[in-house]
Ligand SMILES: [Zn+2]
Ligand SMILES: [Zn+2]
């Protein structure tokens, strides 16, 4: 297991695949990721992610399997308030090195090859793996509650809060367009 400390940011953990002989390498790492490691319009950091599993070699390739547990906060799509989010998932991937990739120009990827992750060097970055697994499971849209009233389109107040604002409800633009049409005479067209 190799630990790299970049100029800034958290320590990243990589597994040197070239060191695997026979026995699989086990990992169990917990990292708190900043929101900007994900889509910061959807995540409020830190997102705590635990990645546990093992890597084993099989011929020229490697197999990685394990579980991901994430615990953090997402942003409500309507009112932009934080929403607690936990997820648990399992993964099962095949890893190959680029040099093992077929170089035949006529080579066509078939469905089975799509589960293979190709790496340029024999280093498996556990942070990247953790982030990918979380992104796969992250819902596109999350709501703080089904009844979330969202933000006022005029003043931006959170309409879930009592007495948020006194803005008049907006006229639906589709009705406004119809109203305009109705006011026209045939000569206007
Ligand atoms: Zn909401
Ligand atoms: Zn308002």
**OP:** May I ask you to say which residue of 174, 141 is within 17 Å of residue 39 (Cβ to Cβ) and modelled with pLDDT under 95?
**Re:** 141
Original post:
Would you say residue 100 is surrounded by 12 or more Cβ atoms within 10 Å (Cβ to Cβ), away from ligand 2 (no atom under 16 Å from the Cβ) and modelled with pLDDT under 70?
Top reply: yes
Subject >> Residues (within 12 Å of ligand 1 (Cβ to nearest atom) and surrounded by 16 or more Cβ atoms within 10 Å (Cβ to Cβ)) located in region 82-97 >> reply: 83
Subject >> Residue list for region 133-163, restricted to those being in contact with a strand residue (DSSP E or B) (Cβ under 6 Å, 6 or more places away or on another chain) and part of a loop (DSSP other than H, G, I, E, B) >> reply: 142, 144
**OP:** Being touching a helix residue (DSSP H, G or I) at 6+ places or on another chain (Cβ under 7 Å) and touching a residue at least 12 places away in the same chain (Cβ under 8 Å) narrows it down to one of 60, 34, so name that one.
**Re:** 60
Subject >> Filter result for residue 130 (at pLDDT 90 or above and in contact with a strand residue (DSSP E or B) (Cβ under 8 Å, 6 or more places away or on another chain)) >> reply: yes
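The values are calculated or read from the model by the stated rules, or taken from the named source; none is laboratory data. Being a predicted model, the structure only gives us computed values, none of them experimental. Note: ideal-geometry Cβ built from the backbone for every residue, glycine included; neighbour counts use all protein chains shown.
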